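Chemist: Here's a structure for you.
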Amino acid sequence: MYLLLVFMPVKNQCVEIPLLFKFSIPSSALLDVMVGDTMGEIETYFGLCDLIFMGGSLVDIGGHNPLEPAYFSLPLLTGPIYRNFEEQFEKLIDTGGCFVAEDEEKLALYIVKLLSDRNLLQNTGVMALDVQQQGKGALNRTIEQLDLMLFKN
């Protein structure tokens, strides 16, 4: 079963999309695409997905946090407008944990390519997780550096 969390710009490309306004797994769970539009349930959606398209990146919104799905070792796709998380996306793109689709047509091609190649799908997810894990411990390192600066003899 392939489940893909997508957002509205892709909707017109899909034949049938179940909209889940309150999370429940539909009885026809052999769905290709699922659109999540609720708050506070993103981790549940990520747990069901094989591939994530980060919405708000094909339009001038600036994208959403790619490190959330990367934590689940999920391969990422984004549009070209990801300024809200530019540093994180650049690392993910440079390491192969994310691909940039310039438009809806290229997005569809990436989706087909990744879902057709399980090795590429898995390797992309592993690279995304690796980037996410690189930031682990940043708060503790920051506090240690502040301690050194503030309490210098």
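The values are calculated or read from the model by the stated rules, or taken from the named source; none is laboratory data. If you're wondering where the values come from, they're calculated on a predicted model, not measured in any experiment. As a convention, Cβ positions derive from the backbone with ideal geometry for all residues, glycine included, and neighbour counts pool all protein chains shown.
Chemist: For ASP147, indicate whether it is more than 15 Å from ILE52 (Cβ to Cβ), part of a helix (DSSP H, G or I), at pLDDT 90 or above and not hydroxyl-bearing (Ser, Thr, Tyr).
Modeler: Taking the combined requirement at face value, the residue does not satisfy it.
Chemist: Is one or more of the residues making up region 117-126 touching a Phe, Trp or Tyr at 6+ places or on another chain (Cβ under 7 Å) and either surrounded by 15 or more Cβ atoms within 10 Å (Cβ to Cβ) or under 20 Å from PHE46 (Cβ atoms) (or both)?
Modeler: For region 117-126, residues touching a Phe, Trp or Tyr at 6+ places or on another chain (Cβ under 7 Å) and either surrounded by 15 or more Cβ atoms within 10 Å (Cβ to Cβ) or under 20 Å from PHE46 (Cβ atoms) (or both): absent.
Chemist: Determine which member of the set LEU92, LEU74 is under 11 Å from the mean Cα position of the chain (by Cα), within 23 Å of VAL59 (Cα to Cα), not charged (D, E, K, R) and not in a helix (DSSP H, G or I).
Modeler: Sole residue among the options that is under 11 Å from the mean Cα position of the chain (by Cα), within 23 Å of VAL59 (Cα to Cα), not charged (D, E, K, R) and not in a helix (DSSP H, G or I): LEU74.
Chemist: Same structure, new question: Kindly indicate the residue of region 45-64 that is assigned to a loop (DSSP other than H, G, I, E, B) and out of contact with any strand residue (DSSP E or B) (no Cβ under 8 Å at 6 or more places or on another chain) and also surrounded by the most Cβ atoms within 10 Å (Cβ to Cβ) among those meeting that condition.
Modeler: LEU58
Chemist: Is it true that GLU104 is modelled with pLDDT under 95 and surrounded by fewer than 22 Cβ atoms within 10 Å (Cβ to Cβ)?
Modeler: yes
Chemist: Name the single residue that is farthest from MET54 (Cα to Cα) among those in region 99-110 being touching a residue at least 40 places away in the same chain (Cβ under 8 Å) and outside any helix (DSSP H, G or I).
Modeler: Among them, the one singled out is ASP103.
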